[in-house]
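Report on one structure; see the data block that follows.
The values are calculated or read from the model by the stated rules, or taken from the named source; none is laboratory data. What you see is a predicted model, and the numbers here were worked out from it, not measured in a lab. Because the Cβ atoms are built from the backbone with ideal geometry, glycine has one as well, and the counts that use them run over all protein chains shown. The accessibility values were calculated without ligands, DNA or RNA, using every heavy atom of the protein model including side chains. Shrake-Rupley method; radii C 1.70, N 1.55, O 1.52, S 1.80 Å.
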Amino acid sequence: MAAKQLLQEIPTDLLRERMPRHVAVIMDGNGRWAKRRAMPRIMGHRKGVDVLKDLLRCCRDWGIEALTAYAFSTENWGRPTEEVEFLMTLFERVLRKELREMMKENVQIRFVGNLEMLPDSLREEIDRAVEATRVNTGIRFTIATNYGGRQEILQACRSIAAAVKDGTLALEDIDESIFERNLYTNGICDPDLLIRTSGEMRISNFLLWQMAYAEIYVTDTMWPDFDRAQFHTALRDYQSRERRFGKVGIQL
Ligand code: IPE
Ligand code: IPE
Ligand code: MG
């Protein structure tokens with residue numbers, strides 16, 4: 001209990017001024033976590049929700065402005081129907097259950113991805129949560145659902161092309177800021193730190209444009225075991241990096 005309480009404050013070995021503004025997470029390893037315990041995969045997803053809830057609070061406690069979590073990729077539809085259905089129902093239930101708490105904690109929720117393909121009942125919960133939390137001024141919490149980086153880039157190209165075609169945008173005016181405005185993440189700064197659990201060293205179609213200069217941290221820990229202490233380690237690693245953005249670093 002004492003250790004838990006201590007971790008509510010920013011750990012003393014972390015520098016407040018070097019905290020990432022935006023952390024993105026690929027929450028991977030739920031299935032393997034469950035399998036190792038001889039449980040069905042869905043138990044891993046269920047435990048994963050609690051971990052995400054605690055990470056969100058931790059980010060808030062430690063002064064991080066934005067958290068984005070990869071909850072379901074465009075490729076995840078290829079999983080067994082029962083697992084996909086379980087996940088959709090889980091998202092819906094969690095949103096319904098947590099909305100009051102999110103309001104109390106001043107969280108602003110956003111969703112990125114192609115939401116049109118989600119079940120109607122889930123979309124209703126999403127609309128309700130996004131609408132209700134729009135006025136909140138605390139941490140910006142973005143959930144990537146039916147999200148694919150390539151699809152996001154393609155839909156941005158389509159809407160830019162349509163604007164050029166109907167004459168509202170000149171070809172020469174297309175630049176990075178116009179492009180960014182047409183992405184799902186419009187208005188959210190790029191992630192400074194990407195964390196992937198379960199040891200896989202890949203991006204799996206997540207935030208391809210936005211990740212251009214993110215620092216990447218991979219841990220072997222499965223998502224359901226990722227806790228504040230592990231997040232602390234990830235942040236310590238992040239703070240030890242030198243972000244150069246293509247320039248020349250500090251010469252030692
Ligand atoms: C991540 O865990 C959660 C989702 C993709 C929804 P996985 O379900 O991918 O777990 P593993 O990778 O099979 O262990
Ligand atoms: C990435 O995990 C997607 C989410 C965490 C939602 P996957 O388990 O789907 O990725 P791959 O298949 O290992 O690349
Ligand atoms: Mg996986």
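Worth pointing out:
- Ordering PHE245, PHE141 by accessible surface, largest first, gives PHE245, PHE141; the 1.4 Å probe counts only protein heavy atoms, with every chain in place.
- Mean ellipticity per residue at 222 nm, deg cm²/dmol - from DSSP H runs of n ≥ 4 across the chain, formula -39500 (n - 2.57): -13500 deg cm²/dmol
- Each residue of segment 27-38 was assigned a 3J(HN,Hα) from its phi angle through the Karplus curve 6.51 cos²θ - 1.76 cosθ + 1.60 (θ = phi - 60°); the sequence is 7, 10, x, 4, x, 5, 4, 5, 4, 4, 9, 6 Hz, with glycine and proline shown as x.
- Total lysine pairs in the chain at Cα distances under 19 Å, for residues eight or more apart or on different chains: 6.
- Peptides 172-181, 212-221, 65-74, 112-121, ordered by how many other C-beta atoms sit within 10 Å of their residues on average, highest first, read 65-74, 212-221, 112-121, 172-181.
- Added length on full extension, which subtracts the Cα-Cα distance from 0.36 nm per residue, VAL135 to MET103: 10.6 nm
- Trypsin sites (Lys or Arg not before Pro) restricted to DSSP loop in segment 27-113 with at most 14 other C-beta within 10 Å: ARG37
- Counting 0.36 nm for each residue step from VAL248 to SER121 and taking away their Cα separation leaves a gain of 40.6 nm.
- Built amide H within the under 5 Å cut-off of ASP28, gap 5+: THR197, TRP223
- Computed FRET value (nearest 0.05) for ASP173 with ARG241, which takes r as the C-beta separation and R₀ as 35 Å: 0.50
- Amide H partners (placed H, <5 Å) of GLY148, local residues excluded: THR74, ASN114
- Of MET27, MET201, the order by accessible heavy-atom surface (1.4 Å probe, DNA, RNA and ligands excluded), from most exposed downward, is MET201, MET27.
- For segment 200-211, 3J(HN,Hα) computed residue by residue from phi via the Karplus equation (6.51, -1.76, 1.60; θ = phi - 60°) reads 6, 9, 8, 9, 6, 6, 9, 6, 4, 5, 6, 7 Hz, glycine and proline entered as x.
- Remark on LEU169: its backbone amide H falls under 5 Å from those of VAL164, a criterion applied only to residues 5 or more positions apart or on other chains, H modelled at 1.01 Å from N.
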